[in-house]
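Read the structure below first, then the notes.
Read-outs throughout are calculated quantities, based only on the coordinates presented, and are distinct from any laboratory measurement. Note that the coordinates shown come from a computational prediction; the quantities given were computed from them, not determined experimentally. Every residue, glycine as well, gets a Cβ built from its backbone with ideal geometry; the counts of neighbours run over all protein chains shown.
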Amino acid sequence: MEHTDSIATQKNTTGKLFVVATPIGNMEDITLRALRVLSEVDLIAAEDTRHTGKFLKHHQIEAHLMSCYEHNEDKRSEELIHRLKKGQNIALVSNAGTPSVSDPGYRIIQKSISEGIQVIPIPGVSAAIASLCVSGLPTDSFIFIGFAPRKQGKRQTLFQSLSTETRTLIFYESPRRILNLVEDLLINLGERKAVLAREITKLHEEFIRDSLSQIINQIKFKGEIKGECTLIVEGLTSEIQISEDDLQQDILKAMDQTGKKLSEVVKKIAERHGISRKKVYDLALKIKKTNMQTRDNFH
């Protein structure tokens, strides 16, 4: 049976861009279609030619490689578009998983579409989906965040916007910064169920299924974390509660910050913990009244 994306029988004068998903660890996690396409194309645009070269050698595929990574993608895009227009078929691959998903490839895909070049997905493994499907957290609705911003302002804005998000959250992070990510999420989202997945499909594959605070403890106990990490975090649910003592401490801390109006304090804390503003406001007034009485008694 002839393949709909068969390269051998192609008669078009313009080439096709194949966006090919490759393994995230285990070399066997590759489709037969992907192997066929990689062996038939005129050129493979790879994030790291050395990395992709090892993968191709493992599967006994000989191919012409061209580097295409974050810092040269704009320049490479022009050359690749030129080759595609001349009729060459090109496969786009990243080091692991699907190109353009927290990986290089977006610019080339965008320019190819704008030039009327056919872009064909060759689906395969994804760290986000592989982690989510075994997380034990809701999979019917989720939001992929990828790597959180490093700049503090943008980072806090993002986390605060996610504090009331009911869908399951998916993050990517490097092993060096994973502890900081989990700590920031605990501060901004409150206690949640979560799963830290690392070394997925590899020999030392690990899934830590616990609360955010306990995952922090386990990371600190391990000392050094290796391998790229995927963090799956439970969305806001009615089951996520905060004790009145913890809520009171949160309010006190926020009220101690100068320049903060009570209404601003109430809004921020209510959104963070997914509880009504009235509950926070009533408790904040009670605290404020108690503090005033204490000062009056002292004087």
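Worth a mention:
- Test item: Cα-centred dipole of the chain, Lys/Arg +1 and Asp/Glu -1 on Cβ, debye: 920 debye
- Scoring 182-191, 25-34 by mean Cβ neighbours within 10 Å over their residues and listing the highest first yields 182-191, 25-34.
- Candidate values (1) 18.3; (2) 20.4; (3) 14.7, label of the one derived for mean projected area of the Cα convex hull in nm²: (2)
- Among the trypsin sites (Lys or Arg not before Pro) in region 87-157, those placed in a DSSP loop whose Cβ has at most 15 other Cβ atoms within 10 Å are ARG150, LYS151.
- GluC sites (Glu not before Pro) lying in DSSP loop within region 75-125, provided at most 16 other Cβ fall within 10 Å: GLU115
- Charges were assigned to the Cβ only: +1 to each Lys and Arg, -1 to each Asp and Glu. The resulting dipole of region 128-233 about its Cα centre is roughly 320 debye.
- Dipole of the chain computed with +1 at Lys/Arg Cβ and -1 at Asp/Glu Cβ about the Cα centre; of SER141, PRO99, ILE269, farthest Cα towards the positive end is ILE269.
- Most positive-pole-ward Cα, TYR69, THR14, VAL37, against dipole of the chain from beta carbon charges: TYR69
- Secondary-structure-derived ellipticity at 222 nm for the chain, considering helices only, amounts to -13000 deg cm²/dmol, per-run term -39500 (n - 2.57) for DSSP H runs with n ≥ 4.
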